[in-house]
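First the structure, in the form of C-alpha cells, and then the observations on it.
The values are calculated or read from the model by the stated rules, or taken from the named source; none is laboratory data. A quick note: this is a predicted structure, and the numbers were derived from the prediction, not measured. Every residue, glycine as well, gets a Cβ built from its backbone with ideal geometry; the counts of neighbours run over all protein chains shown. The accessibility values were calculated without ligands, DNA or RNA, using every heavy atom of the protein model including side chains. Shrake-Rupley method; radii C 1.70, N 1.55, O 1.52, S 1.80 Å.
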Amino acid sequence: MATQAKRRRVSCGGRRRSTPLRRALPLPRPQRRPARGCAACRGSFAALHIPSPNPGPSSARAPPSSPPPASSSGRGKATPLRLLISGGRACGQRGPGPGGQLPELVPAGRTGAESKERGALQSQSGWVPLLLALLHELQAPASPWSPYFALWPELGRLEHPMFWPEEERRRLLQGTGVPEAVEKDLASIRSEYYSIVLPFMEAHPDLFSPTVRSLELYRQLVALVMAYSFQEPLEEEDDEKEPNSPLMVPAADVLNHLANHNANLEYSPNCLRMVATQPIPKGHEIFNTYGQMANWQLIHMYGFTEPYPDNTDDTADIQMVTVREAALQGTKVEAERLLLYERWDFLCKLEMVGEEGAFVIGREEVLTEEELAMTLKVLCMPAEEFREFKDQDGWGDDKREEDSLTITNIPKLKASWRQLLRDSVLLTLQTYATDLKTEQDLLSSKEVYATLSWREQQALQVRYGQKMILHQLLELTN
C-alpha cells in the first residue's frame, strides 16, 4: 500500500510542499502540500485548486466596468437557504465568512428527494456547489458578496490561456504543454455545465435567472475559482480521502505570488495567519506563495509568469512516450522493437510510466527521479539482465550511487543512459516552433521585447525557461 501511494504521488511530478492552506493544482488527487505537476496531470479541471493570482498589467484587480447581471428573482424568499459549503468561512468552520454567507442551494434535508438532488451536484471537479452559489450571488441585487465581487478583475478580460483564441494559444505556447491542458479543461467544463449545472439551474428558476445560464459565464467563474479559491488540506493520515471542497476566502487572497516570497499563509482550526518569512521593509510589497509552481502552471491557472531567471521553481517536461520513441530509434530489427515494447509494458506494470505521463526536470533536480532512473535502466539494460529483472518483478535490485539521477550526477551516468536521455531531450526540443536562439534574441533587446503584447511576453517566458532547462540537460549528457 505504501509503495503504491508513493508511486502515485511521484508519477504526477510532485514533491510535497509546505503551504498549509493552498490553492488548487492540476493533480489527480489533493496533497497536503502543493506539488509540481507534470503533463500527465495537466488540464485536469477535475482537480484544480490554488492561491490568489498575481495579476499582470492587463489583468490587475479592479472593480468591473459594469455591475454583475442583476435579476429580481435573485434570492427567492420562499426557498430555505442555508450555508453552502462546509467552508463558507475560512478554515472550514461553519458560519459566515468575511464577505457574508453563501447560500446552500440544496438544504441538507433527510428526505429521499433532497438527498437525490444533492447527489446530482456531485462532479469530478467537486466545484459545482461553490460555482452555483457564486452564480446565484452574482445576480442577487443586494448580495453581501457584492463588495468582494467588485474586487475581481473584469470577467471579460481574464488573461488565462483558456480565453485566448485557439490559434493564438497554439502559436504562442506550442511545445509547452499548456494548449493540451487548456483543451482538457474546456472539455471538462463544457461537460460539467451541460450535464449538471444547467439542468440544476433550469430546475430552480426561482434561484437562477436566465442571465446567469451561460456556458461562457460559467467558464469565467471556473477561472476565478481556479485562481482565487483555497482548499483546506487533508491530514497525512487522510491522504486517501476525497478532497475537501474549495473555499472562497476574501482578504486571504489579496497577496500576489513570487517564488522568492516573503510571507506565507498558515492554517489553524481557528484562524488564518499571514506570517512573514523574512524582514519586510516599510513600503515593500508582501508576497505570498501559491506553492512551488513552474511558469506553465502560473500561466495556465493565473495568466502570468515570473520572468527568467526569477522563477527558481520552473520545470521542463519530457513526455514519457518521447523516451520510448527515442529508444525505438535505436532498434534495427523487429525483434528489438518487440523487446522494447515488452520493456515498456513492464514499466507500465510497475507504475513508472504512462501514455500521458511526463518526466519533470527542474533547474537543480529531477523531480521524477525514481521514474526516470528506472525507465532509463530498464530500457538500456542487456536483454538477459532484463529477463532476470522482470522475473523478480523489479525487486531485489539495490540502487547504486552511480545510478542516482540528480542533476550533478547526470554526467556520471552510463553512456547508454546519457545517450537515451539526450535523444529524448532533442526530440522534446523539436516540439517547439522556435529554437533557443530566437527566444534569446527577443529577450536580449529591451526595445523589441517592449513591442510584444502581454500574452507574447508571458508565453516567451514559459518557452524560454523550459528550453534553458532542456539545453542544460544537453550539456550534461554530452
- Query: Which condition number in (1) more than 17 Å from the chain's Cα centre (by Cα); (2) in contact (Cβ under 8 Å) with a residue 40 or more places away in the chain; (3) surrounded by fewer than 22 Cβ atoms within 10 Å (Cβ to Cβ) is the one that residue 362 fails?
  - Reply: (1)
- Task: Return the pairs, sorted by first residue and then second, in which the second residue is open to solvent by 20 Å² or more (accessible area, probe 1.4 Å), the first residue lies in the range 214-235 and is under 12 Å from residue 158 (Cβ atoms), the beta carbons are less than 7 Å apart, and the residues are 6+ apart or on different chains.
- Result: 220/155
- Message: Please return the ranges of helices (runs of 4 or more DSSP H) entirely within the range 386-468 where 1 or more residues are open to solvent by 60 Å² or more (accessible area, probe 1.4 Å) and within 29 Å of residue 327 (Cβ to Cβ).
- Response: 415-429, 436-444
- Item | Lone unmet requirement of (1) of a type in the set (Val, Ile, Thr); (2) exposed (fewer than 15 other Cβ atoms within 10 Å of the Cβ); (3) in a helix (DSSP H, G or I) for residue 312 | (3)
- Residue satisfying all of: in the range 338-356; among the aromatic types (Phe, Trp, Tyr) and open to solvent by less than 20 Å² (accessible area, probe 1.4 Å); nearest to residue 395 (Cα to Cα) among these: 346
- Is there a residue in the range 376-394 that is within 28 Å of residue 177 (Cβ to Cβ), of a type in the set (Gly, Ala, Ser) and in the same structural domain as residue 417 (by the TED database)? no
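Kindly evaluate residue 325 against the criterion of being open to solvent by 60 Å² or more (accessible area, probe 1.4 Å), touching a residue at least 40 places away in the same chain (Cβ under 8 Å), of a type outside the set (A, V, I, L, M) and closer than 18 Å to residue 466 by Cβ.
Working: open to solvent by 60 Å² or more (accessible area, probe 1.4 Å): yes; touching a residue at least 40 places away in the same chain (Cβ under 8 Å): yes; of a type outside the set (A, V, I, L, M): yes; closer than 18 Å to residue 466 by Cβ: no.
Spelling it out, it is not the case that residue 325 is open to solvent by 60 Å² or more (accessible area, probe 1.4 Å), touching a residue at least 40 places away in the same chain (Cβ under 8 Å), of a type outside the set (A, V, I, L, M) and closer than 18 Å to residue 466 by Cβ.
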- Verdict on residue 265 being assigned by the TED database to the domain that holds residue 122, open to solvent by less than 10 Å² (accessible area, probe 1.4 Å), among the hydrophobic types (A, V, I, L, M, F, W, C) and out of contact with any Asp or Glu (no Cβ under 9 Å at 6 or more places or on another chain): no
- Go through (1) part of a helix (DSSP H, G or I); (2) out of contact with any Leu (no Cβ under 9 Å at 6 or more places or on another chain); (3) within 18 Å of residue 470 (Cα to Cα) and name the single condition residue 345 misses. (3)
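On the basis of being in contact (Cβ under 8 Å) with a residue 60 or more places away in the chain, open to solvent by 80 Å² or more (accessible area, probe 1.4 Å) and not in a helix (DSSP H, G or I), does residue 306 make the cut? If you could, list the steps in order and put the result at the bottom.
Details: in contact (Cβ under 8 Å) with a residue 60 or more places away in the chain: yes; open to solvent by 80 Å² or more (accessible area, probe 1.4 Å): no; not in a helix (DSSP H, G or I): yes.
Answer is no for this residue.
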- Query: Any idea how many residues of the range 320-340 are assigned to a helix (DSSP H, G or I) and either not assigned by the TED database to the domain that holds residue 376 or not acidic (Asp, Glu) (or both)?
  - Reply: 14
- Consider residue 230 against the criteria (1) open to solvent by 40 Å² or more (accessible area, probe 1.4 Å); (2) at pLDDT below 90; (3) outside any loop (DSSP other than H, G, I, E, B): it satisfies all of them except one. Which criterion is unmet? (1)
- Could you tell me which numbered condition residue 151 fails, if it satisfies all but one of (1) among the aliphatic types (A, V, I, L, M); (2) modelled with pLDDT of 95 or more; (3) surrounded by fewer than 18 Cβ atoms within 10 Å (Cβ to Cβ)? (2)
